[in-house]
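Encoded as structure tokens, the structure appears first; notes follow it.
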Amino acid sequence: MDDGGETVRGTVPDGRAGRAPGGPFRPGFWRSPLRGPRLTSVLGLVLLCGVSVLFVTGLLSYAAYNPGLAGNDRTPDKGLLGFFLFPWPTDPHWLYRFTQGVHVTLGVALVPVLLAKLWSVIPRLFAWPPVRSLTHALDRLSLLLLVGGGLFVFATGILNIQLEYVFPGSFYPLHFYGSWVFTAAFAAHAALRVPRALRVLRGRRARTEEEAAAMTALAAPEPAAPTLSRRGALAAVGAGSLLLAATTAGQSLGGPLRATALLAPRGREPGGGPNGFQINKTAAAAGIRAADIGTDWRLTVRGGSRELVFTLEELLELPQRQAALPIACVEGWSTSDQLWSGVRLADLAALAGRERDAPGVFVESAQRAGTFRSAALRANQVRDPRSLLALRVNGAELSADHGRPARVIVPANPGVHNTKWVTRLTFGGNP
């Protein structure tokens, strides 16, 4: 929302007049007639609204992973940054699909706005002298955190959407801590700049000479001939955002609109038929061998001192329940509701001796490596009658890529916590 700038001539810290070097530090270098307080103010207020929604939906996404449970936290030492956490609900069953779809689609759509905003204030990065006082140095540092944090958060988010994990380390702590740094800098910046931006848009005069100078400093002193109006520039940015939203939202909305999701990762639907809906990782990519899910597969269920072992045939002989639930993932994609059938987690807890007070459960997979080869679920998730150890989907047995012989499916649960290739359930236990 910054609508001000720095003059290119000023006073160096020792009090002598300083002259800017050439290139981008020269006043005449920036000649676009589009730059000015009004354009920057409009873009800044759009970002204020959009980033606020991104922050809230990002917090909800983090809460959905129930990081307070042992084994789930991918961001250790979060401390006070986890003050908002709460038990993630199971109703409505599409909750995570909605919040994460909004988060990802809006984040992609805001990219043109973010880039246009940075372009509108880029002369500030070449202000001269670069530091005039301690206060000015702190202001420059806050801008570094704001710009750097914003680029980092958006870049890691887009790479995650594309399943390109090229950043140094796990996406979860990088994006989590980066988001807090960016949001803190953004909030401080907004508190200082929003009143000024509103005055610009209302056509009111600056309150002080200093503010008047700041509000006009971005305008080129020697503007080039215009080739596009400011309204045209804003329309172009808006059109770019709408285009990105239109080519992203289909992966969350599903159905016929999935074909419009041109920016979504391709080749993630394993053929047709009952199992022909999207996955993130195949059985082969997860290191699952035929022997791991073949006739020798067994499910171990523990509840306190009791331990039970089931074959697939024995599980199929237990009362089978159905639930129509989607798969929704942090990358923003989701499926429509699929008809799952299997044994209720609450029924398995009862068989393990926890009939009256079905507790949370720790789920382990045949997958030998990987961040989400296990997950912990809360008691409210276990007790929901739609929470299943699924053995079939859409009337057919699960394919290997969808977790054969058994996988967990829980309403409103992030996809990676609907663990596939399940081999052990420990009710009331810790990893």
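Candidates LEU192, PHE182, LEU151 compared by Cα position along the dipole of region 150-211: farthest toward the positive end lies LEU192, with charges placed on Cβ. Ranking VAL416, VAL53 from most to least accessible surface, computed with a 1.4 Å probe over the protein chains only, gives VAL53, VAL416. Quick check: the distance between the Cα centres of region 32-76 and region 346-371, to the nearest angstrom? Here the answer is 35 Å between Cα centres. Other residues with beta-carbon under 10 Å from the beta-carbon of LEU398 carry, at +1 per Lys or Arg and -1 per Asp or Glu, a net charge of +2.
The residue list GLY28, PHE86, VAL102 was ranked by how far each Cα lies along the charge dipole of region 18-121 toward its positive end, using unit charges on Cβ atoms, and GLY28 comes out on top. Positive contributions from Lys and Arg (+1) and negative ones from Asp and Glu (-1), summed over other residues with Cβ under 9 Å from the Cβ of LEU425, come out at +1. Here region 376-426 is assigned +1 on the Cβ of each Lys and Arg and -1 on the Cβ of each Asp and Glu. Its dipole about the Cα centre then comes out at about 140 debye.
Hydrophobic long helices, here whole DSSP H runs in the chain with Kyte-Doolittle means of at least 1.6 and Cα atoms spread over 15 Å or more along the helix axis, are found at 37-64, 111-121.
The fraction of all Cα pairs in region 123-251 landing in successive 5 Å bins from 0 to the largest distance is 2, 8, 11, 14, 18, 18, 14, 9, 5, 2, 0, given as whole percents. How much of the accessible area of region 49-123, in percent, comes from carbon and sulfur atoms when a 1.4 Å probe is used? With neighbouring chains kept in place, the figure for region 49-123 is 77 percent.
Only Cα pairs under 8 Å and at least 6 apart count here; give the relative contact order of the chain as a rounded whole percent. Relative contact order of the chain: 21 percent. For a test of the definition: using alpha carbon positions, the gyration tensor, and the 1.5 limit on a/c, classify region 211-328 as rounded, prolate or oblate. Taking the square roots of the gyration eigenvalues as a ≥ b ≥ c, region 211-328 is prolate. Ranking LEU316, SER305, GLY294 by Cα position along the charge dipole of region 279-322, where only Lys, Arg, Asp and Glu carry charges on their C-beta atoms, puts SER305 farthest toward the positive end. Of the accessible area of region 259-399, computed with a 1.4 Å probe over protein heavy atoms only, carbon and sulfur atoms account for 48 percent. Cross-link partners for LYS281 among the lysines, with Cα-Cα distance under 18 Å and sequence neighbours closer than 8 places in the same chain left out: LYS420. Residues LEU244, LEU143 ordered from highest to lowest accessible area at a 1.4 Å probe: LEU244, LEU143. In a simple Cβ point-charge model (Lys, Arg +1; Asp, Glu -1; nothing else charged), the chain has a dipole of about 1320 debye relative to its Cα centre. What the chain shows is 47 Å² of accessible area per residue, with the surface traced by a 1.4 Å probe over protein heavy atoms. Take ILE293: with every protein chain present and a 1.4 Å probe, its accessible area is about 20 Å².
Checking (1) -0.36, -0.84, -1.18; (2) -0.25, -0.70, -1.15; (3) -0.34, -0.77, -1.08 against log10 I(q)/I(0) by the Debye sum over Cα atoms at q = 0.06, 0.10, 0.13 Å⁻¹ calculated from these atoms, the matching label is (3).
The values are calculated or read from the model by the stated rules, or taken from the named source; none is laboratory data. For clarity, every value in this text was computed on a predicted model and none was experimentally measured. Counting neighbours? That spans all protein chains shown, and the Cβs are built from the backbone with ideal geometry, glycine included. Keep in mind that these areas ignore ligands, DNA and RNA; they rest on the heavy atoms of the full protein, side chains included. Shrake-Rupley method; radii C 1.70, N 1.55, O 1.52, S 1.80 Å.
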